[in-house]
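Below: one structure, written as structure tokens.
Derivation of every value follows stated rules applied to the coordinates shown; laboratory data play no part. Small disclaimer: the values here were computed from a predicted structure and weren't measured. A quick note on method: Cβ atoms are made from the backbone with ideal geometry, for glycine too, and the neighbour counts reach across all protein chains shown.
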Amino acid sequence: MTMCASKIGTVPTEGFNWYIVLLEGPFADAIREQIDKYFVTLGKEAGPDVLVVRGYDATTFRDSFIESAAFYGPDDWKSVDVPAIVVTDALPTAVEERNGLDQAKVMIFPLRQIYEKHNDISTFFGQLLSALHSSEASNALEKLDKAKIEKYWSWFTEYAELKPGFFGFKADLGKIIADLLTKTR
């Protein structure tokens with residue numbers, strides 16, 4: 001399902017297992033053209049349990065997301081390289097109800113590196129959706145099951161320069177993903 005929103009606060013906080021939030025800059029470039037091209041398909045393929053959201057006005061929407069007090073945490077969100085995808089199981093209102101990012105799952109994927117490596121982001125979208133649709137893939141991240149992380153998330157290695165951010169998962173998750181990336185180099 002897709003949605004264009006004016007601000008992050010207008011996005012429904014219930015009824016979805018995952019949210020894919022597109023944080024974009026104001027200017028049209030090749031990556032923005034790719035996002036435009038695949039946005040509806042991404043939402044359709046995501047299914048009814050995943051909401052894909054982008055801003056009606058990219059800058060206003062991005063700023064509303066970044067300025068949300070709930071999403072200030074381990075890193076300064078203003079330094080996130082846009083365009084980026086934030087994959088989360090809770091939007092700002094829900095994060096505040098859960099008392100912070102430690103109780104929410106948040107992954108940040110900068111799209112520029114993906115596009116520069118492959119000149120396309122559609123394959124990444126497909127791989128991300130496959131992982132999000134698999135309850136085993138999500139459980140692997142939570143339980144730090146190395147074998148299952150490799151089975152369901154090894155596609156990260158295709159994007160060897162990709163440095164996703166993870167919040168709300170056990171601290172060792174970043175190390176496991178880094179180990180996977182190192183293993184393929």
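Please go through region 106-126 and give me each residue that is in contact with a strand residue (DSSP E or B) (Cβ under 7 Å, 6 or more places away or on another chain) and of a type in the set (A, V, I, L, M, F, W, C), ordered by number.
Of everything in region 106-126, those that are in contact with a strand residue (DSSP E or B) (Cβ under 7 Å, 6 or more places away or on another chain) and of a type in the set (A, V, I, L, M, F, W, C) turn out to be V106, M107, I108, F109, L111.
Which pairs do you get when a residue that is free of Cβ contacts under 8 Å to residues at least 40 places away in the same chain, found in region 1-16, comes within reach of a residue that is assigned to a loop (DSSP other than H, G, I, E, B) and surrounded by fewer than 13 Cβ atoms within 10 Å (Cβ to Cβ), reach meaning Cβ atoms under 8 angstrom, with the pair 6+ apart or on two chains?
F16/D49
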